[in-house]
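A quick write-up on the structure given underneath.
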Amino acid sequence: MKEEAKEILRLENIKFSYDKKNIAIDDISLSLYSGEKVAIIGENGSGKSSLFLACNMINKISSGNIYLKNKKLSNKRSQINQVRKSVGIVFQNPNDQIIASNVYEEISFGPMNLGISIDEVRSRVEKSMEILSILDYRDRATQYLSGGEQKKVTIASILSMEPEIILFDEPMASLDMKSSRELEESLDMLSDKGIGIVASTHDIDFVWRWAQRIILMDKGKIIVDCKREEFFDKEEILSTYNINIPILYSVGKKLNLKSLPRCIEDLL
């Protein structure tokens, strides 16, 4: 039985700008929980990536507060390190994240810098590779992996830090159908293990099929934050922000089904 979701990260009225004129995050309040599957949507420039970088404290907010499991965080290095252990980011392009030439070295890099024992590092690396079924990647050169394989390695490198939330920036970008399907299965599996998964995406069919909660952003603000089923009933919002109706949702409405994805799972 899945454990009750616990609040891991809370943002209160945070703001961030890359310069004084252009506000990237404008007074956002948000809570993220263990085990939940959240999709963040919005046009390019709406603030999705900036929000991720603020959650991980890569971007230093100009105002507001960030809490990790109800503890208010400061800009002390020790607290920044703590939030980055608990909240990992998988970037859109694996090449922006992979730094080692060897898969094992890449996955072990994070825990090696935590000051834990070598035995614990090995244990975490092995466990992360096993979870993602990439034990046979161990000695492979990272530059010769396919896009899907690189994505799995970047996820394993984050898993080895034992995070409680993982943020995915456009997780399906540049992946073929097989790799996309395998990655979606990995996201479900991580959620089942109690890790909160937050994915920014433009793939509205993936959003309907996968997400439990949907957040719509525009101009650095959160416009809507609600359950998936509620979101696609907001016809005025969908029209205003030019959001296409997912194919599965359209079929479900015609068949008068409340949860078409679950119905398809039952049939399969």
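Being among the hydroxyl-bearing types (Ser, Thr, Tyr), buried (at least 18 other Cβ atoms within 10 Å of the Cβ), in contact with a helix residue (DSSP H, G or I) (Cβ under 9 Å, 6 or more places away or on another chain) and under 23 Å from residue 53 (Cα atoms) is the requirement here; does residue 179 meet it?
The answer is no for residue 179.
Might you check whether a residue that is surrounded by 13 or more Cβ atoms within 10 Å (Cβ to Cβ) and either modelled with pLDDT of 90 or more or basic (Lys, Arg) (or both) occurs anywhere in the stretch 250-263?
Among the residues of the stretch 250-263, at least one is surrounded by 13 or more Cβ atoms within 10 Å (Cβ to Cβ) and either modelled with pLDDT of 90 or more or basic (Lys, Arg) (or both), which makes the answer yes.
Could you list, in sequence order, the residues of the stretch 176-192 that are in contact (Cβ under 8 Å) with a residue 60 or more places away in the chain and more than 17 Å from residue 89 (Cα to Cα)?
Scanning the stretch 176-192 gives a single hit, 192.
Residue check: is residue 19 modelled with pLDDT of 95 or more and over 17 Å from residue 200 (Cβ atoms)? Quick ask: steps written out before the conclusion?
Numbers: modelled with pLDDT of 95 or more: no; over 17 Å from residue 200 (Cβ atoms): yes.
No; evaluated as a whole, the condition is false for this residue.
Which of the residues belonging to the stretch 182-211 are surrounded by fewer than 19 Cβ atoms within 10 Å (Cβ to Cβ) and either among the acidic types (Asp, Glu) or in contact with a strand residue (DSSP E or B) (Cβ under 6 Å, 6 or more places away or on another chain) (or both)?
Of everything in the stretch 182-211, those that are surrounded by fewer than 19 Cβ atoms within 10 Å (Cβ to Cβ) and either among the acidic types (Asp, Glu) or in contact with a strand residue (DSSP E or B) (Cβ under 6 Å, 6 or more places away or on another chain) (or both) turn out to be 182, 184, 185, 188, 192, 203, 205.
Looking at 128, 146 in this structure, which one is closer than 25 Å to residue 199 by Cα, among the polar types (S, T, N, Q) and more than 19 Å from the chain's Cα centre (by Cα)?
146
Looking only at the stretch 31-62, which residues are at pLDDT below 95 and among the basic types (Lys, Arg)?
60
Pick out the one residue from 153, 207 that is touching a Ser or Thr at 6+ places or on another chain (Cβ under 7 Å), closer than 20 Å to residue 31 by Cβ, of a type outside the set (Lys, Arg) and in a helix (DSSP H, G or I).
Details: 153 fails: closer than 20 Å to residue 31 by Cβ.
Only one candidate qualifies: 207.
Would you be able to tell me the number of residues in the stretch 228-255 that are assigned to a helix (DSSP H, G or I), under 17 Å from residue 40 (Cβ atoms) and touching a residue at least 12 places away in the same chain (Cβ under 8 Å)?
Of the residues in that region, 3 qualify.
The values are calculated or read from the model by the stated rules, or taken from the named source; none is laboratory data. The shown structure was predicted, so the numbers you read here are calculated from the model rather than taken from an experiment. Glycine gets a Cβ as well: all are built from the backbone with ideal geometry, and neighbour counts include every protein chain shown.
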